[in-house]
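K.L.:
Take a look at the following structure, please.
Quick note: the coordinates plus some simple rules give every number you see, no bench work behind them. The structure displayed is predicted, hence computed values, not measured ones. All Cβ positions, even for glycine, are placed from backbone atoms using ideal geometry, and neighbour counts span all protein chains on display.
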Amino acid sequence: LQTAPENPPADSRTDKIRKLYDRYMTMWANIWEQIDEDMKCLSMAGPWPDKERKMRESPGNERPCLHEDVITQFNNMTTNQLEMNPMGIDVQPEGDQANEKTAEWVEGRIRQIEYEQNGQHAYLTAGKCAVESSIGFWELETDWKNPFVWDRQMLIRAIQDPKSVMVDPDAKKPDWGERDRLVLSNGH
């Protein structure tokens with residue numbers, strides 16, 4: 001029987017993960033603050049600072065905090081365009097063994113998975129988040145179909161809160177699709 005050391009080495013894997021997590025939190029903090037400000041502008045209360053709102057609610061100094069929403073109409077137009085023109089996968093054959101028939105089969109299978117998992121909902125949720133707060137995500141993963149069977153299935157899930165995903169802030173590609181990049185998710 002082995003017991004864990006009371007003081008793990010300073011460069012343990014847990015410490016490395018914690019340092020990486022702290023760095024990501026620091027790098028994303030300004031973006032998340034801006035997302036909160038953007039969402040205040042879209043809320044019913046509007047972007048009024050708390051101090052000003054309290055002053056206007058004080059007895060003898062009551063004044064309304066008017067908020068004229070001029071942004072939502074443009075966000076809705078963009079989101080509606082995404083909904084009217086759904087995105088889809090286009091598979092092209094590449095390599096020596098690839099052909100049109102195989103590419104069509106793979107494309108059809110991907111569309112079937114999107115249909116079964118309601119993938120358009122996940123794509124639209126990510127698009128709406130991107131329009132409202134500049135970032136949006138959806139998740140593709142595998143899971144067991146049934147706890148009693150060894151079959152796996154592909155799942156497409158919407159991520160409602162884009163702040164629950166942290167991607168390496170040093171990534172260079174626009175889709176963050178680089179190798180050896182860590183994605184930390186609070187969602188699933």
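K.L.:
Could you give the angle, 0 to 90 degrees to the nearest 10, between helix 13-42's Cα long axis and the longest principal axis of the Cα atoms of the chain?
P.N.:
50 degrees
K.L.:
I would also like to ask the following. Just to be sure I understand, if you calculate Rg and Dmax of the Cα atoms in Å for this structure, which of [x] 23.1, 80; [y] 46.1, 135; [z] 16.9, 49 do you get?
P.N.:
Correct label is [x].
K.L.:
Let me ask you something else. Relative to the longest principal axis of the C-alpha atoms of the chain, give the angle of the C-alpha long axis of helix 100-116, reported between 0 and 90° and rounded to the nearest 10°.
P.N.:
It is inclined by approximately 40 degrees.
K.L.:
Sticking with this one: Provide the packing ranking of 25-36, 68-79, i.e. peptides ordered by the mean count of other C-beta atoms within 10 Å per residue, highest first. Walk me through the intermediate numbers first.
P.N.:
Values: 25-36: 12.9, 68-79: 11.1.
The densest-packed peptide leads the list: 25-36, 68-79.
K.L.:
Can you tell me the FRET efficiency between ILE71 and HIS121 if r is taken as the Cβ-Cβ distance and R0 is 41 Å, rounded to the nearest 0.05? Write out the running numbers ahead of the final one.
P.N.:
Values: r = 24 Å, r/R0 = 0.58.
Once the sixth-power term is evaluated, E becomes 0.95.
K.L.:
Give the total of Lys-Lys pairs in region 27-171 with Cα-Cα distances below 24 Å; include a pair only if its members are 8 or more places apart or on different chains.
P.N.:
Value for region 27-171: 5.
K.L.:
Specify the angular offset, from 0 to 90 degrees and rounded to the nearest 10, of the alpha carbon long axis of helix 119-133 from the longest principal axis of the alpha carbons in the chain.
P.N.:
The answer is roughly 40 degrees.
K.L.:
With the contact rule set at Cα under 8 Å and sequence spacing of 6 or more, what percent relative contact order holds for region 62-129? Before the final figure, lay out the partial values.
P.N.:
Values: 26 pairs, mean separation 22.8, N = 68.
Result for region 62-129 is 34 percent.
K.L.:
Compute the length gained on full extension between LEU140 and LYS40: take 0.36 nm times their separation in residues and subtract their Cα-Cα distance, giving the result in nm to one decimal.
P.N.:
Extra length available between LEU140 and LYS40 comes to 33.0 nm.
K.L.:
Give me the extension gain from MET87 to LYS173: residue separation times 0.36 nm, minus the current Cα-Cα distance, reported in nm with one decimal.
P.N.:
On the way: separation 86, 0.36 × 86 = 30.96 nm, distance 2.07 nm.
28.9 nm is the gain from fully extending MET87 to LYS173.
K.L.:
Can I ask one more? For the pair TRP32 and THR102, how long in nm is the line joining their label points, each one 7 Å along Cα→Cβ?
P.N.:
In this crude spin-label approximation the distance works out to 4.4 nm.
K.L.:
Next up: Output the peptides 142-148, 163-169 sorted from most to least packed, where packing is the average of other Cβ atoms within 10 Å over each peptide's residues. Mind showing how you got there, number by number?
P.N.:
Numbers: 142-148: 8.7, 163-169: 16.4.
Order by mean packing, descending: 163-169, 142-148.
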